[in-house]
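Q: Sharing a structure here in structure tokens format.
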Amino acid sequence: MARVVPESLSIDEARKLVLASQGVPRSVTGGSAEEATRRVIRHLGYVQIDTISVIERAHHHTLWNRNPRYRQAHLDRLVAKGRVFEYWSHAAAYLPMEDYRFALPRMLAERGGGGRWHSKDVKLMRRVLARIREEGPLMSRDFEDTGSGRREMWDWKPAKYALEQLFIEGRIMSVRREGFNKVYDLTERVLPEGTDTSAPGSQEFARYLVTSFLRANGLGRVTDFVHLRQGMRDPVARVVRAMVRSGEILEVRVRAGSWLVLPDSLDLLNHRLQREKACLLSPFDNLVIQRRRVRELFDFDYQLECYVPEGKRVYGYFVLPVLWRGRLVARTDLKAHRNLGMLEVRCLVPEPGLRATDRFAVAFARALRDFAAFNGCQGVDLSGRVPRALAASVKEHLPGC
């Protein structure tokens, strides 16, 4: 039976398609827990790494929101097995090893001096590389001045810049992390046997950017596909026109705008979402990382304020969007006091359209309880800036709060 292709989608249908494609609320089941984590990374295309630890770091948070059995050790094991690798997407990220060759355009550009990374100290890079070749995996602190009185060439900052330049050029890779520090080895010793290392041409790379984005995000535009990708707008625009003509991707209207979608993704409109489950999203979650897109599709104007001077913050340091019933309905600033076993709700600000009903209070309380446990906390402190009636209702559904 031929698929009926709609000319337009309602905003609720568009949101459902995006959420179902993103896999939130949680949707990955079956197989081992570690394999489920790998499938999430494979489907999303990348999971952004971030250093902020006021709550669990972004990469763990993003994966946990999609895999209910997620454990932090999964990433370490998947890297060790060569199933995922660290590199740069639009930011530092974990990527599926199947996509290694699509990181090569960036690596080759950096080698040729066309990137935007550190200035090169070629002599130092060669000496750093030689030490790794001779001694095996090393980290930046292995190049520090030991305080012996001799001024080594391994002054910390230049050596670290050399390591990061070698990393972004693809000459070394991260084999694991100790604490939050990368341990580097030669790429040829890290890549699994049989890894495709042929660089894609411009057209193939453009097609990859289009299809991988639409697979993970449901709807997209050229500006989404080339987000922070230098020099790719024209190649991607040409590929999009060709794919529309061939029927590989379709154009649909949402509100007054035109969006692109993979034909098979429209089947997701027949799936049911866990609408009553609230989901606390990382600021670096794939769903919300492109803020303009979030405004257009979810009417949610969002800025991460940890980069804003404290006196100019409106909502708080590390505010999370709250997803419920297919919409972004609130934002909450959280901090995990792990030494006290307490998750602090510094603020909860509902969006204007949210009716703070008991149904939302139940969903939010459950989300807080689960998130507290994920952060190694046993309790929740709701004494922050939370609407009084809503705080009382949430507390009713948080035993021991």
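Q: Sort 127-134, 313-320 by packing, meaning the average of other beta carbons within 10 Å per residue, with the highest value first. Can you show the working numbers first?
A: Working: 127-134: 15.6, 313-320: 18.6.
The densest-packed peptide leads the list: 313-320, 127-134.
Q: From Cα pairs below 8 angstrom and at least 6 apart in sequence, can you work out the relative contact order of the stretch 283-401, rounded to a whole percent? Walk me through the numbers before you get to the answer.
A: On the way: 185 pairs, mean separation 22.4, N = 119.
Computed value for the stretch 283-401: 19 percent relative contact order.
Q: Follow-up. Among Lys182/Lys335; Lys81/Lys182; Lys123/Lys160; Lys182/Lys312, which pairs are too far apart, with a Cα-Cα distance over 24 Å?
A: On the way: Lys182/Lys335 26 Å; Lys81/Lys182 16 Å; Lys123/Lys160 14 Å; Lys182/Lys312 34 Å.
Beyond 24 Å: Lys182/Lys335; Lys182/Lys312.
Q: Let me ask something else. Based on the Kirkwood radius over alpha-carbon pairs, what is the Stokes-Einstein translational diffusion coefficient of the chain at 20 °C with 1.002 mPa s viscosity, in µm²/s? Don't skip to the end; give the middle numbers.
A: Numbers: Rh = 23.1 Å.
This corresponds to a translational diffusion coefficient of 93 µm²/s.
Q: Only Cα pairs under 8 Å and at least 6 apart count here; give the relative contact order of the stretch 323-391 as a rounded whole percent.
A: Working: 100 pairs, mean separation 25.8, N = 69.
For the stretch 323-391, the relative contact order is 37 percent.
Q: Once phi is turned into θ = phi - 60°, what whole-Hz ³J(HN,Hα) does the Karplus curve with 6.51, -1.76 and 1.60 give for every residue of the stretch 234-247, x standing for Gly and Pro?
A: Values, residue by residue: 5, x, 5, 4, 5, 5, 4, 4, 5, 5, 5, 4, 7, x Hz.
Q: Same structure again: How large is the helix-only mean residue ellipticity at 222 nm for the chain, computed as the sum of -39500 (n - 2.57) over DSSP H runs with n ≥ 4, divided by its residue count, in deg cm²/dmol to the nearest 500?
A: Values: 14 runs with 146 residues, N = 401.
Taken over the chain, the calculation gives -11000 deg cm²/dmol.
Q: Count charges around Val294 for me, please; just the other residues with Cβ under 15 Å from its Cβ, Lys/Arg as +1, Asp/Glu as -1. Numbers along the way, then the final one.
A: Values: positive: Arg15, Arg221, Arg255, Arg291, Arg292, Arg293, Arg295, Arg327, Arg331; negative: Asp224, Asp285, Glu296, Asp299, Asp301, Glu351.
Within the 15 Å Cβ shell, the charges total +3.
Q: Let me ask something else about it. In debye, nearest 20, what is the charge dipole magnitude of the chain about its Cα centre with +1 on Lys and Arg Cβ and -1 on Asp and Glu Cβ, if you could check?
A: Working: 66 positive and 48 negative charges, 86 e Å.
Roughly 420 debye, rounded to the nearest 20.
Q: When you count, for each residue, the other Cβ atoms within 10 Å and take the mean per peptide, how do 62-71, 80-89, 194-203 rank with the highest first?
A: Numbers: 62-71: 21.6, 80-89: 19.0, 194-203: 12.2.
Packing order, densest peptide first, comes out as 62-71, 80-89, 194-203.
Since every read-out is calculated from the coordinates, none of them should be taken as a lab result. As the structure is a computational prediction, the values presented were derived from the model and not from experiment. Positions of Cβ are generated from backbone atoms using ideal geometry, with glycine treated the same way; all protein chains shown enter the neighbour counts.
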